[in-house]
Amino acid sequence: MRPGYEGPPSPGFTNVVVEPGDAGLDELVEGEVLVVYEVQGAHSSNPETGEYSVLANPAVLFRGGEPVGWAPGVMVAGNMYEDLARRLSLVSRFTEHPAPGFYLPWVRLEQVMVAPKA
């Protein structure tokens, strides 16, 4: 891919499509769940090892399927490869289009390391 007409070509993603699953929104937010809409600090993650430690911002805490409130300053950490292989429990039946060339369903990961703001 190329960042612009003047930039050199570099490796990158185009047309990333992840097939949706069969979970509805009600299933994804069942129990006590932190819904992470975006992260800050992903640039410091290690794509080779999968290790990450990022600020979940914005994030909302849900209990019993209902939003309780914003969760400011919450950090999430782990290994994305292990999380997807071992902690993936649900994949939504709907997809988002967060950026050009990306079509992704929501996913639910179990027991991800979460550190609240003190």
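Every number here is computed from the coordinates shown, using simple stated rules; none is lab data. Quick caveat: nothing in here was measured; it's all calculated off a predicted structure. So basically every Cβ, Gly included, is an ideal-geometry build from the backbone, and we count neighbours across all protein chains shown.
On alpha carbon coordinates alone, what is the Rg over Rh value for the chain, Rh being the Kirkwood radius? Numbers along the way, then the final one.
Numbers: Rg = 15.8 Å, Rh = 15.8 Å.
Checking Rg against Rh, the ratio lands at 1.00.
On full extension of the chain, what length is gained from Glu110 through Met1, given 0.36 nm per residue of separation minus the C-alpha to C-alpha distance?
On the way: separation 109, 0.36 × 109 = 39.24 nm, distance 3.38 nm.
Here the answer is 35.9 nm.
What's the center-to-center distance, using Cα atoms, between region 80-110 and region 1-60 in Å?
Going from one Cα centre to the other spans 8 Å.
Below 14 angstrom from the Cβ of Val33, what's the summed charge of the other residues (Lys, Arg +1; Asp, Glu -1)? Display every interim value, and only then the final one.
Numbers: positive: Arg63, Arg87, Arg108; negative: Asp26, Glu27, Glu30, Glu32, Glu66, Glu110.
Surrounding charge for Val33 is -3.
I'd like the FRET efficiency for Thr14 and Lys117, computed as 1/(1 + (r/R0)^6) with the beta carbon distance as r and R0 of 30 Å, rounded to 0.05.
On the way: r = 37 Å, r/R0 = 1.22.
Step by step, r from the Cβ atoms, then E = 0.25.
If you add up the charges near Gly21, with Lys and Arg at +1 and Asp and Glu at -1, over every other residue whose beta carbon is less than 12 angstrom from its beta carbon, what do you get?
-1
Any idea how far apart Glu32 and Leu88 come out in nm if each label point goes 7 Å out from Cα toward Cβ?
Each label point lies 7 Å from its Cα, and together they span 2.7 nm.
Can you check what the net charge comes to around Phe62, using other residues whose Cβ is under 14 Å from the Cβ of Phe62 (Lys, Arg +1; Asp, Glu -1)?
Values: positive: Arg63, Arg108; negative: Asp26, Glu27, Glu30, Glu32, Glu66.
The answer is -3.
Of the candidates Asn15, Asn79, Asn46, which one comes out as most mobile in a Gaussian network treatment of the chain with C-alpha springs shorter than 10 Å?
Result: Asn15 has the largest fluctuation of those listed.
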